[in-house]
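Student: There's a structure below that I have some questions on.
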Amino acid sequence: MTQKKLIYLYSDSTFTPWKENIFARTVVHFLESTPENYYPYITHFVGFSEEFADFLRQFDMVFNVCYGFGEAGQHDIARWLDAHHIPHTASRYEAQLIAKDKFTLPEFCNQIGANTPAIIPLSEVASFGAKRYIVKPRFGSLHLNMMVFDADNIPYQELMERDDLIIQPYITGREFTVGVIPNEDASDYMCLQPLEIKPDDDREIYIAGQHYGRTEKVLNPDMESSLIQEMQATVLRLHKALNLRGMSRTDIRVHEGVIYILDINTMPNLDTNSFLPFIAQNQGISLKELFTRILMRFEKVYHADSALELV
């Protein structure tokens, strides 16, 4: 069997803008999970140079787990790879940018019939009528730098000092994260079972990984099957409408039976402690099986897309 040359492209956590979870142990796990028909190599991202692009083009494909480098984000890495015609497994720059931009994502979701919390200009917060609001960086990630405030205590000064924030009503209810991966033969995509992000008490305000209190991961959450199916159908529709490649993970809140899209991660982390591998493992899908599906899907779609671009 002829093995194809596969290289894992990554940046250690300390080199990425949001300090994502990717360490030496992560990389070792990647190598151990490589399908047999690929010969794995690994490289740290070293910069946006022609020399490095020439190096990457020696390989049949790049398994892109590079979440950024210095001030550049993961979408900047994808844009550079796309521009240098380097085949890589992550979604294209344009799709990543739409998903990452919390200002434009609601408009995109609205076009496909998916609900999102409204975006409220600061000048309208006092009259909007919500009890509580959440503030997020427009291009933020990993649930970082968020703030929740009550309608009767609006921090005007703090909000006016930043022009990269969005304000939305704080949606109460249950929070879930839903992963999308290729199906078994990589002919299409499928949704994994939702994972519930649950506070460790009965408080209304909670954000995964935030200082608003600890949360726990709940597999196989207790809820109506019809709502789970609607949740999965909505997330899958969003993944396809954005034309995402490989995998994604979407955070949602359910309030009074209504599903709200909060955020979509186009490159879910694959460390052993991360959500997507944890959810997949619960359904009997190992990291090796996940990699096999992603690479199969990539080979089916990428080369067809590239051929269309040449026409």
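No value in this document is a laboratory result; all are computed from the given coordinates. Remember, predicted model here, so these are calculated numbers, not experimental data. In this analysis, Cβ positions are derived from the backbone assuming ideal geometry, glycine residues included, and neighbour counts consider all displayed protein chains.
Student: With an 8 Å cut-off on Cα pairs and a minimum separation of 6 or more residues, tell me the relative contact order of the range 193-307 in percent. Walk me through the intermediate numbers first.
Tutor: Numbers: 110 pairs, mean separation 20.7, N = 115.
For the range 193-307, the relative contact order is 18 percent.
Student: Still on this structure, please answer the following. When the helix-only estimate is applied to the chain (DSSP H runs of n ≥ 4, each -39,500 (n - 2.57), divided by the residue count), what is the mean residue ellipticity at 222 nm, nearest 500 deg cm²/dmol? Could you put the intermediate results ahead of the total?
Tutor: Numbers: 10 runs with 99 residues, N = 311.
Computed mean residue ellipticity for the chain: -9500 deg cm²/dmol.
Student: When the chain is treated as a GNM, springs tying every alpha-carbon pair under 10 Å, which of HIS239, HIS88, HIS29 comes out with the largest mean-square fluctuation?
Tutor: The residue with the greatest mean-square fluctuation here is HIS29.
Student: Could you give the semi-axes, largest first, of the ellipsoid that matches the chain, computed as the square roots of 5 times the alpha carbon gyration tensor eigenvalues and rounded to whole Å? Don't skip to the end; give the middle numbers.
Tutor: Numbers: eigenvalues 232, 97, 67 Å².
Semi-axes (√(5λ), whole Å): 34, 22, 18.
Student: Shifting gears a bit: Restricting the count to DSSP beta bridges whose residues both fall in the chain, what percent are antiparallel, rounded to a multiple of 5?
Tutor: Counting only bridges with both partners in the chain, antiparallel ones make up about 70 percent.
Student: Is the shape of the range 4-90 rounded, prolate or oblate, going by the alpha carbon gyration tensor and its root eigenvalues a ≥ b ≥ c, with a/c under 1.5 for rounded and a/b larger than b/c for prolate? If you can, show how the numbers build up before the last one.
Tutor: On the way: a/c = 2.02, a/b = 1.10, b/c = 1.83.
The shape class here is oblate.
Student: For the range 195-309, what class follows from the C-alpha gyration tensor (a ≥ b ≥ c being the square roots of its eigenvalues): rounded when a/c is under 1.5, otherwise prolate if a/b is larger than b/c, else oblate? Walk me through the intermediate numbers first.
Tutor: Numbers: a/c = 2.13, a/b = 1.69, b/c = 1.26.
Since a/c reaches 1.5 and a/b is larger than b/c, the shape of the range 195-309 is classed as prolate.
Student: Which helices pass in the chain if a helix is a full DSSP H run, must span at least 15 angstrom along its long axis by Cα, and must have mean Kyte-Doolittle hydropathy not below -1.0? Intermediate results must be reported in sequence, preceding the final value.
Tutor: Values: long enough: 225-241 (24 Å, 0.07); 287-310 (34 Å, 0.08).
Helices meeting the criterion: 225-241, 287-310.
Student: Which is the longest stretch in the chain that no exposed loop site breaks, taking sites as GluC sites (Glu not before Pro) with a DSSP loop state and at most 15 other Cβ atoms within 10 Å? Walk me through the numbers before you get to the answer.
Tutor: Working: sites that count: GLU36, GLU71, GLU161, GLU184, GLU204, GLU224, GLU256.
Result for the longest clean stretch: 72-160.
Student: While we're looking at this one, here's another question. Roughly how big is the chain's charge dipole about its Cα centre, with Cβ charges of +1 (Lys, Arg) and -1 (Asp, Glu), in debye to the nearest 20? Provide the component values of the computation, followed by the final result.
Tutor: On the way: 28 positive and 42 negative charges, 72 e Å.
Using only the charged Cβ atoms, the result is roughly 340 debye.
Student: Could you calculate, for the range 122-169, the ratio of the Cα radius of gyration to the Kirkwood radius, expressed as Rg to Rh? Intermediate values should be presented prior to the final figure.
Tutor: On the way: Rg = 10.4 Å, Rh = 11.1 Å.
Value, to two decimals: 0.94.
Student: Among the listed pairs LYS5/LYS288; LYS198/LYS288; LYS217/LYS288; LYS136/LYS240; LYS100/LYS288, which have their C-alpha atoms separated by more than 20 angstrom in this model? If you can, show how the numbers build up before the last one.
Tutor: Working: LYS5/LYS288 16 Å; LYS198/LYS288 29 Å; LYS217/LYS288 23 Å; LYS136/LYS240 25 Å; LYS100/LYS288 27 Å.
Pairs exceeding 20 Å: LYS198/LYS288; LYS217/LYS288; LYS136/LYS240; LYS100/LYS288.
Student: Turning to a different aspect of this structure: Using the crude model of +1 on Lys and Arg Cβ and -1 on Asp and Glu Cβ, and no other charge, please compute the dipole size for the range 173-287 relative to its Cα centre, in debye to 20. Don't skip to the end; give the middle numbers.
Tutor: Working: 10 positive and 17 negative charges, 73 e Å.
Roughly 360 debye, rounded to the nearest 20.
Student: Let me ask something else about it. For the range 55-173, what is the convex hull volume of its Cα atoms per residue in Å³?
Tutor: Each residue corresponds to 141 Å³ of Cα convex hull volume.
Student: Where a ≥ b ≥ c are the square roots of the eigenvalues of the C-alpha gyration tensor, would you call the range 1-53 rounded, which needs a/c under 1.5, or, failing that, prolate if a/b is larger than b/c, or oblate? Can you show the working numbers first?
Tutor: Details: a/c = 3.95, a/b = 1.38, b/c = 2.86.
Judged from the Cα gyration tensor, the range 1-53 comes out oblate (a/c at least 1.5, b/c at or above a/b).
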